[in-house]
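The values are calculated or read from the model by the stated rules, or taken from the named source; none is laboratory data. Remember, predicted model here, so these are calculated numbers, not experimental data. Cβ coordinates were reconstructed from backbone atoms using ideal geometry, including for glycine residues, and neighbour counts include every protein chain displayed. Keep in mind that these areas ignore ligands, DNA and RNA; they rest on the heavy atoms of the full protein, side chains included. Shrake-Rupley method; radii C 1.70, N 1.55, O 1.52, S 1.80 Å.
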Amino acid sequence: MDNHTTIGIDVAKNFLDICILPTGEILHVPNTKYGFKKILKVFLEHDNIFRIVIEHTGGYQKAVAEFLIQHNLPVSVINPARARFFAKACGQRAKTDAIDAEILAMFGLQQKPELTKPENEKNDELRQLVHRRRQIIKMIISEKNRLDKSPCIELKKSLIHLIKVLEKELEKISSAVQKTIKETPSLNKKQKILQSVKGIGPECTAVLIAEVPELGMVGRQQIAAMIGLAPINRDSGSKKGHAFIQAGRKYVRCSLYMPTLVAATQWNPVLKEYYDRLVSMGKPKKVVLTACMRKMIVYLNSLIAKNI
């Protein structure tokens, strides 16, 4: 692929650093629409663009990635950890914006990451609302923990007032989440399918729809790996280590925990039989529940796939 062009974009709040390989051209532009238009003009001068690789940087990458995708360019938004491990594997210990951009370009050429697909505007809106809901819940928990420590009268009044305000805000955001789903036919259809499974309620459904847009579009192994429910072996030579789960979408696992627990111990006969059988074999209950969560997400994925 020596004749292909790969581009790495290191994203910061205010600036973008770009490296274009194989020419080695370096650009430094503002992270604004003006900067996007400037780099688009440069990119279109190059033939055979294979990948434009961008790290996920907590939202700062979103605007430039969407802009380039809209102009039919092959963009891959990747986990920053993958780029960092790749840099270490290349023996690159130094870290600057320009070096990071070059590493991303090299990563695109050698690792061929999956292309990022354009996202439905309503999906993005729903994800933002779900994230906000999670933030408010964390704030409520923090304030209630402070209240439990028997503060002075004035502090107690302040905490109680703030908790009430946050709880009202939580109600508003939760209503907005449900409204967004109901008013969007594709999301509403997914919600009905997911909630047809006993134990999966509105909150878990909203998280699954917002955080796992790939539901129904990938295979069973891929969906389990995405959520972080695929066991990873740790064997070496004659040593057989315990398989474990790692990485994946933590908040989706957290949302699946209670619904799966209820389904596996009470409501779902198939899952309950599976749960009881593994427990009777002496498996630790947390390991069994993880296996049930994997079975649950694979089943939900198949349901969405059949009805898309």
Next on the checklist: Please compute the length gained on full extension between Arg93 and Val165, using 0.36 nm multiplied by the number of residues separating them and subtracting their Cα-Cα distance.
Outcome noted: 21.2 nm
Next on the checklist: Against the 2.2 N^0.38 Å scaling, with N counting residues, where does segment 22-151 land? I'd like the Cα-based Rg ratio to two decimal places.
Outcome noted: 1.36
Next on the checklist: How much length would be gained if the chain were fully extended between Glu183 and Gln70, taking 0.36 nm per residue of separation minus their Cα-Cα distance, in nm to one decimal?
Outcome noted: 38.2 nm
Checklist outcome for this item: Per the 1/(1 + (r/R0)^6) rule, R0 = 35 Å and r from the Cβ atoms of Leu115 and Lys192, FRET efficiency to 0.05 is 0.70
Checklist entry - Relative to the present Cα-Cα distance, how much length would full extension add between Lys33 and Ile141 at 0.36 nm per residue of separation? => result 35.0 nm
Checklist entry - Amide H neighbours of Val75 under 5 Å, counting only residues 5+ apart in sequence or on other chains, H built in-plane at 1.01 Å? => result Ile52, Thr116
Next on the checklist: Probe radius 1.4 Å, ligands and nucleic acids ignored: give me the carbon and sulfur share of the accessible area of segment 120-225 as a rounded percent.
Outcome noted: 54 percent
Checklist entry - In what sequence, largest accessible area first, do His28, His71 appear using a 1.4 Å probe? => result His28, His71
Checklist outcome for this item: From DSSP H assignment alone, runs of 4+ in the chain each adding -39500 (n - 2.57), the sum over residues rounded to the nearest 500 puts [θ] at 222 nm at -19000 deg cm²/dmol
Checklist entry - If you take the charge dipole of segment 30-123 about its Cα centre, with +1 on Lys and Arg Cβ and -1 on Asp and Glu Cβ, which of Ala83, Asn31, Ala105 is farthest toward its positive end? => result Ala83
Next on the checklist: Among the complete DSSP H segments of the chain, which ones combine at least 27 Å of alpha-carbon extent along their axis with a mean Kyte-Doolittle hydropathy of 0.0 or more?
Outcome noted: 285-307
Item to check | Scaled radius of gyration (Cα, divided by 2.2 N^0.38 Å) that the chain gives | outcome: 1.19
Item to check | Inter-probe distance in nm under a simple model that places probes 7 Å from Cα toward Cβ, at Ser280 and Val42 | outcome: 6.6 nm
Next on the checklist: Quick query: amide H of Glu25 versus all other amide H atoms, modeled in the peptide plane; which residues come in under 5 Å with a sequence gap of 5 or more or a different chain?
Outcome noted: Ile20
